[in-house]
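The next block holds one structure in the form of structure tokens; read it before the comments.
A short reminder: the numbers here are calculations on the coordinates, not readings from a lab. It should be emphasised that the depicted structure is a prediction, and the values quoted were computed from it without experimental measurement. Heads up, the Cβs are rebuilt from the backbone with ideal geometry, glycines too, and the neighbour counts pull from every protein chain shown.
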Amino acid sequence: MGKMEVGISFLPRFAKDFVSALPQKAAERAYIVGLAGELGAGKTTFVQEVAKALGVATPVTSPTFIIASRYPIQKKPFTSLVHMDAYRLGKGESFDWHAYANDPQNLVLIEWPERMPDFPPDSPVFSFTVIDETTRDIKTHG
């Protein structure tokens with residue numbers, strides 16, 4: 001488990017480092033990463049920076065009401081970035097996300113992974129904690 005304090009201005013570099021460390025070969029399923037933390041901790045901002053580092057030109061917004069958004073990317077072995085927000089799922093809703101999870105060409109970033117049914121326990125989770133207005137503590141589990 002790693003831990004680091006990241007200034008908001010350093011988040012683009014953190015996202016680029018994340019992208020450069022992505023697997024180079026496809027696995028049996030999607031590469032799934034959970035993004036945990038309170039509202040306003042920087043989860044969506046991190047996804048926006050990852051999308052930018054992957055060359056996504058479309059504006060990336062939180063898919064709170066639609067649950068999932070898919071963006072085409074060209075970062076072998078991935079062809080899609082899937083941004084999911086499970087915040088609403090804690091209110092008795094369910095969401096069949098297995099088509100996303102089972103496709104090895106998907107890079108799946110899930111906000112509020114603790115609310116996702118069947119979130120893979122072996123998937124990494126980044127936990128974002130607000131330190132102050134411009135600094136976040138990011139812990140990596142898994």
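Quick notes
- Lys-Lys pairs in segment 1-122 that are eight or more residues apart or on separate chains and whose Cα atoms lie under 14 Å of each other come to 5.
- Among residues other than residue 31 with Cβ under 15 Å from its Cβ, the summed charge is +2 (Lys and Arg +1, Asp and Glu -1).
- The trypsin sites (Lys or Arg not before Pro) of segment 6-78 that DSSP puts in a loop, and whose beta carbon has at most 13 other beta carbons within 10 Å, are 25.
- Label separation (residue 88 vs residue 129): 3.1 nm, computed from points 7 Å beyond Cα along the C-beta direction.
- A Förster radius of 25 Å combined with the Cβ-Cβ distance from residue 25 to residue 118 puts the calculated FRET efficiency at roughly 0.55.
- Most mobile of 19, 50, 33 in a GNM of the chain (Cα contacts under 10 Å): 19
- The Stokes-Einstein estimate for segment 1-77, based on a Kirkwood radius over Cα pairs and taken at 37 °C with 0.692 mPa s viscosity, is a diffusion coefficient of 236 µm²/s.
- Remark on residue 108: its backbone amide H falls under 5 Å from those of 31, 32, 33, 82, a criterion applied only to residues 5 or more positions apart or on other chains, H modelled at 1.01 Å from N.
- Descending Cα extents along the principal axes, segment 15-124, whole Å: 36, 29, 21
- Label-point separation, residue 61 to residue 140 (7 Å along Cα→Cβ), nm: 3.2 nm
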